[in-house]
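Colleague: After the C-alpha cells below, expect a handful of questions from me.
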Amino acid sequence: MIGYLYLSLALGLAAYGNIVLKYCMNKADVGSLSGLEFVQFYLHFFFLTAWGWSCVLSIAFCCLFWFAALSRFDLSIAIPFLSLNFVLITLLSIFILNEPFSWNKIIGVCVIVLGVFIASRGG
C-alpha cells in the first residue's frame, strides 16, 4: 500500500512543478523573449525566486518518491501509473491555467485512465 502513496506523491509533485513553471512562464510572457533573455529568465526564476526553488524541490522529491515506488512495483506496473501525470496535468491546466477545454482532451484522458486500469490488472 505504501508503494501507491509513493506513486501518488511522485505524480503530485511532478504535476505541481509543471503547473507552477507554466504559470510563471505565462505571467512573464516568455514567448516574447529572445534567446539570451530566455536563458536569463530561467536562471533568475530557478535560482532567485521562491516559485523556482519550489519547482526544483518538487522535482527532486518527485524523483525520490519515484525511486521508492520503483522499489515496490515492477516497472511494467509503475510506468502506466506515471501516465496518470498526463491526466492530472491536463485537468489542472484547464482549471488553474485556464487552458482551453476540448472533448478531444477529455476523451484522451479517459483512454489513458482505461489503459492504466488494464495494464495494472495484467499478470
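Colleague: I want to confirm something. Restricting to the stretch 7-16 and keeping residues that are surrounded by fewer than 21 Cβ atoms within 10 Å (Cβ to Cβ) and out of contact with any Ser or Thr (no Cβ under 6 Å at 6 or more places or on another chain), which single residue is farthest from residue 60 (Cα to Cα)?
Modeller: 8
Colleague: Would you call residue 23 touching a residue at least 40 places away in the same chain (Cβ under 8 Å), aromatic (Phe, Trp, Tyr), surrounded by fewer than 18 Cβ atoms within 10 Å (Cβ to Cβ) and at negative phi?
Modeller: Judged against the criteria, residue 23 is a match.
Colleague: Now, a different point. Residue 77: over 18 Å from the mean Cα position of the chain (by Cα), among the aliphatic types (A, V, I, L, M) and under 16 Å from residue 8 (Cβ atoms), yes or no?
Modeller: Yes, satisfied.
Colleague: Residues in the stretch 60-78: is at least one of a type in the set (Lys, Arg) and surrounded by 13 or more Cβ atoms within 10 Å (Cβ to Cβ)?
Modeller: Yes, that holds for at least one residue.
Colleague: Same structure, new question: Restricting attention to the stretch 65-78, which residues are without any contact (Cβ under 8 Å) to a residue 12 or more places away in the chain and among the aliphatic types (A, V, I, L, M)?
Modeller: 70, 75
Colleague: Somewhere in the stretch 47-57, is a residue within 21 Å of residue 90 (Cβ to Cβ), surrounded by 14 or more Cβ atoms within 10 Å (Cβ to Cβ) and touching a residue at least 40 places away in the same chain (Cβ under 8 Å)?
Modeller: Within the stretch 47-57, not a single residue is within 21 Å of residue 90 (Cβ to Cβ), surrounded by 14 or more Cβ atoms within 10 Å (Cβ to Cβ) and touching a residue at least 40 places away in the same chain (Cβ under 8 Å).
Colleague: Given the stretch 1-118, what helices (runs of 4 or more DSSP H) lie entirely inside it while holding 2 or more residues that are small (Gly, Ala, Ser)?
Modeller: 2-28, 50-70, 75-82
Every number in this text was worked out from the coordinates using simple rules, so none of it is lab data. Fair warning: this is a prediction, and the values are worked out from it, not measured in the lab. As a convention, Cβ positions derive from the backbone with ideal geometry for all residues, glycine included, and neighbour counts pool all protein chains shown.
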